[in-house]
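Working notes, beginning with the structure itself.
The values are calculated or read from the model by the stated rules, or taken from the named source; none is laboratory data. Computed from a prediction, not measured in an experiment: that's the story for all the values here. Using ideal geometry, Cβ is built from the backbone for each residue, glycine included, and neighbour counts are taken over all protein chains shown.
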Amino acid sequence: MVTTPETSVAARARYEAVIGLEVHVQLLTATKIFCSCSTRFGNPPNTNVCPVCLGLPGALPVLNRKAVEFAALAAMALNCQVNATSIFARKNYFYPDLPKGYQISQYDKPLAEHGAIEIPVQGGAKKIGITRVHLEEDAGKSLHEGFADSVDTTAIDLNRSGVALIEIVSEPDIASPEEAYEYLIRLKEIILYTGVSDCNMEEGSLRCDANVSVRARGQREFGTKTEVKNVNSFRFIREALEYEIERQKGVLESGGQITQETRLYNSNEGKTYNMRSKEQAHDYRYFPEPDLLPLIIDEKRQAEIRRSLPELPEARRKRMVADYGITEYDAQVLTFSKALADQFEAAAKAAKNPKRVANLVQSELMGRLKAKGCEIEQSPISMKGVALSADLVESGVISGKMLKDLYDLSFAREKDFPDVYEEEGRPEQSRDTSALEQTIDEILAAHPRQVEQFRAGKTAVIGFFVGQVMRASKRQANPQLVNELLTRKLGG
């Protein structure tokens with residue numbers, strides 16, 4: 001039962017949500033975590049497999065060094081303490097796409113612990129704790145569609161089986177779907193900056209399960225939780241949590257009890273549905289993996305990995321505000337991806353006015369890319385081109401209108417701004433003072449009332465005359481020069 005809008009308001013005052021997230025991130029290694037099979041996405045089913053990832057008798061795992069480095073790097077970026085010794089364990093459970101009948105993971109001695117990231121909340125920031133980051137192998141994939149002649153058939157693709165993952169488990173510090181959304185945005189942003197994963201949700205490189213419960217406001221004990229699985233976008237996770245929280249409030253308001261269960265989210269209906277009951281915590285019968293030695297990352301190795309840690313988004317935003325005089329909002333937009341931030345900084349360092357570069361990226365470049373459904377990497381105008389255009393406007397060589405026209409041509413021709421600028425004959429604003437003076441004289445003579453208003457003290461009317469002159473010059477006149485000439489003539 002879900003609360004009605006009327007009871008929802010009252011229930012919201014009586015209850016609070018408690019949310020914890022488990023995020024699985026596929027590491028960007030060329031081969032799997034315990035064998036040399038390719039991790040390439042999209043290959044024909046069951047072609048990236050070998051005796052190790054198929055779980056055949058006698059096959060032994062060999063740990064991928066790059067997976068360890070990537071996992072440790074991600075953990076450091078999340079402010080976690082990397083443990084000098086961690087232990088691999090067998091997590092035993094039956095599932096059709098788990099050929100060994102167990103998953104090699106980590107349990108009581110994980111790779112890293114005790115991290116945190118900050119998220120923006122109304123009035124400031126909130127720290128969300130990270131319980132642990134551990135390494136594990138992925139399972140295969142069950143396919144339940146595309147078999148028109150065999151409706152009840154499930155196909156198994158084991159290409160993904162054995163792919164290197166890290167699982168990032170948050171503390172139950174998240175109090176709302178919006179906070180969960182912000183946490184995931186920040187988490188993904190940090191992981192992308194480290195380069196350890198592409199975080200492609202469509203390809204399964206980033207997956208999230210949400211544990212959610214409600215309890216009486218102020219109560220210390222947690223309520224009975226449900227787990228929402230297999231949600232394939234951050235927006236849908238937020239929607240699923242919104243629905244599930246209201247559903248649980250409704251159950252409690254009607255005198256019922258929450259059942260511990262796993263639920264799936266139907267994005268078309270905006271509802272969660274029971275997937276399977278989970279009356280008690282699942283007993284995975286963890287025990288140490290006998291075929292793998294303890295993983296040792298000593299202080300020297302940790303220091304080597306830490307040296308490869310890039311400047312992270314939040315620190316970069318603060319520095320960019322200080323270095324380039326841009327606003328915090330500008331910095332937020334321009335650090336959305338590492339590629340965009342890198343390109344902006346290269347352009348800003350070469351340009352006369354970094355603030356103008358920031359404005360052009362947001363107002364002219366990003367708008368056109370969004371309209372075409374493209375990413376910054378697909379832009380025909382490079383950041384070097386943006387820097388040149390910013391300098392041309394800054395020095396008064398071209399007007400804002402001319403810049404817009406040149407950007408339109410760049411996108412239409414799929415050529416960089418410098419190339420289009422050359423092709424168009426290096427256009428410039430008109431600086432012919434005599435021709436401008438004649439145009440101004442004609443406009444002043446045609447509008448004697450506005451001239452008298454200006455001379456009577458209504459100086460804002462100069463904007464009217466600037467508009468008339470720019471229109472008459474077909475936007476080719478230099479606005480600064482127009483203002484100077486108008487001021488002199490009207491003052492005289």
_Selection within the stretch 194-229 - aromatic (Phe, Trp, Tyr) and at pLDDT 95 or above_ = none
*Do you know which of the residues in the stretch 284-337 that are of a type in the set (Gly, Ala, Ser) and crowded, with 16+ Cβ neighbours inside 10 Å is nearest to the chain's Cα centre (by Cα)?*
SER337
*Please tell me if ILE440 is in contact (Cβ under 8 Å) with a residue 24 or more places away in the chain and within 22 Å of ARG356 (Cβ to Cβ).*
no
*Only one of (1) in contact with an Asp or Glu (Cβ under 8 Å, 6 or more places away or on another chain); (2) within 28 Å of ALA59 (Cβ to Cβ); (3) not basic (Lys, Arg) fails for ILE130. Which number is that?*
(2)
*helices (runs of 4 or more DSSP H) wholly inside the stretch 403-492 containing at least 3 residues that are farther than 21 Å from LEU365 by Cβ and acidic (Asp, Glu)*: 433-446
*Report yes if LYS338 is under 20 Å from ALA315 (Cβ atoms) and basic (Lys, Arg), otherwise no.*
yes
_Which listed residue is surrounded by fewer than 20 Cβ atoms within 10 Å (Cβ to Cβ) and touching a helix residue (DSSP H, G or I) at 6+ places or on another chain (Cβ under 9 Å), from GLY373, GLY400, GLY385_ = GLY400
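Consider ARG220 carefully, then state whether it is in a helix (DSSP H, G or I), surrounded by fewer than 23 Cβ atoms within 10 Å (Cβ to Cβ) and more than 15 Å from the chain's Cα centre (by Cα).
Numbers: in a helix (DSSP H, G or I): no; surrounded by fewer than 23 Cβ atoms within 10 Å (Cβ to Cβ): yes; more than 15 Å from the chain's Cα centre (by Cα): yes.
Here the answer is no, as ARG220 does not meet what is asked.
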*Could you please find all residues in the stretch 61-114 being touching a residue at least 60 places away in the same chain (Cβ under 8 Å), in a loop (DSSP other than H, G, I, E, B) and among the small types (Gly, Ala, Ser)?*
ALA84
*Restricting attention to the stretch 430-451, does a residue exist that is closer than 23 Å to GLU394 by Cα and either within 38 Å of the chain's Cα centre (by Cα) or crowded, with 16+ Cβ neighbours inside 10 Å (or both)?*
yes
*Looking only at the stretch 101-134, which residues are out of contact with any Cys (no Cβ under 8 Å at 6 or more places or on another chain), small (Gly, Ala, Ser) and surrounded by 17 or more Cβ atoms within 10 Å (Cβ to Cβ)?*
SER105
_Considering residues of the stretch 388-397 that are at pLDDT 90 or above and not acidic (Asp, Glu) only, the residue surrounded by the most Cβ atoms within 10 Å (Cβ to Cβ)_ = SER389
*For the stretch 261-279, how many residues are surrounded by 15 or more Cβ atoms within 10 Å (Cβ to Cβ) and in a loop (DSSP other than H, G, I, E, B)?*
1
